[in-house]
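Asker: Have a look at this one.
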Amino acid sequence: MDRVVFNPFAPLMLILLFGLLVLVGLVIILFPIVFLTAIGATFTKLGFSWREALLILLLTLAGSFVNVPVRTLESRAAPAYDRYVAVYGRLYRIPEPVQRTVLAVNVGGALIPLAISLYLLYDSVVISGGYLVMGLALAGVAVVTVVTKLVARPVPGLGIATPFFIPPLAALIAALVLSTFAGGVPVAAVIIAYVSGTLGTLIGADLLNLGHIAELGAPMA
């Protein structure tokens, strides 16, 4: 008599499938933990305690949902409308152009990192006993600003698009190079990397492109 219920998979295939499911589950569970732990460890190297690092992370995540309106810009032109546009290999969905653009400052993406950067610049004077690390950090800001400005692209209907990996990579390279002139200050590279990555991106991508915002027809920038 023919079998009605049978296993369509070979035992080896079942083992491989089970192992793949376990691996995917571990990645989904562990990646956020590893990511947050790495960020927390970075903040502790900057002189913050783990409690302060956790508080900064929570405030940054919560603040990323909060935009503080600064002013409203009248659109100077009505850009051609494409529903989707690809920039640096990423596909963006573009809303219909509007006549007014709200210029806003994101709390988690701008205000909190700016406050931390200013604190680190002040603290670098105390740590190094002079203005050496501060000067190196500001030099890193200049480098990242130039690099970010070169790759930032105004996207009609959306805002300013920047490849996510280029500003951090520029900040990393600038920190590694400039920290060699820090005279043995152990946290110089971390301070330079954070300050230059934060301020350089904000200046290069946002402040230096403010003149283009009114031309984009984006609802918010």
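Nothing in this text is a laboratory measurement; each read-out follows from the coordinates by a stated rule. Source: prediction; values computed, not measured. Note that we place each Cβ from the backbone using ideal geometry, even for glycine, and neighbour counts take in every protein chain shown.
Asker: Once label points are set 7 Å from the Cα along Cα→Cβ at both Asp123 and Leu169, what is their separation, rounded to one decimal in nm?
Answerer: 2.9
Asker: Report, by chain and number, residues whose modeled amide H sits under 5 Å from the one on Val105, excluding near sequence neighbours (fewer than 5 apart, same chain).
Answerer: Val68, Val70
Asker: Given R₀ = 41 Å, what would the calculated FRET efficiency be for Phe181 paired with Trp50, taking r from the Cβ atoms and rounding to 0.05?
Answerer: Values: r = 31 Å, r/R0 = 0.75.
That gives a FRET efficiency of 0.85.
Asker: Along the Cα→Cβ direction, 7 angstrom out, place labels at Leu58 and Thr72. What is the inter-label distance in nm?
Answerer: 3.6
Asker: Something else: Over all Cα pairs of segment 48-213, how is the pair count split among 10 Å bins, expressed in % and running from 0 up to the last occupied bin?
Answerer: Calculated P(r), rounded to whole percents: 10, 31, 34, 17, 7, 1.
Asker: Most exposed first by the Cβ proxy, i.e. fewest other Cβ within 10 Å, how do Val98, Val155, Val195, Val24 rank? Please list the in-between numbers first.
Answerer: On the way: Val98 15, Val155 19, Val195 29, Val24 10.
By the 10 Å Cβ count, ascending, the order reads Val24, Val98, Val155, Val195.
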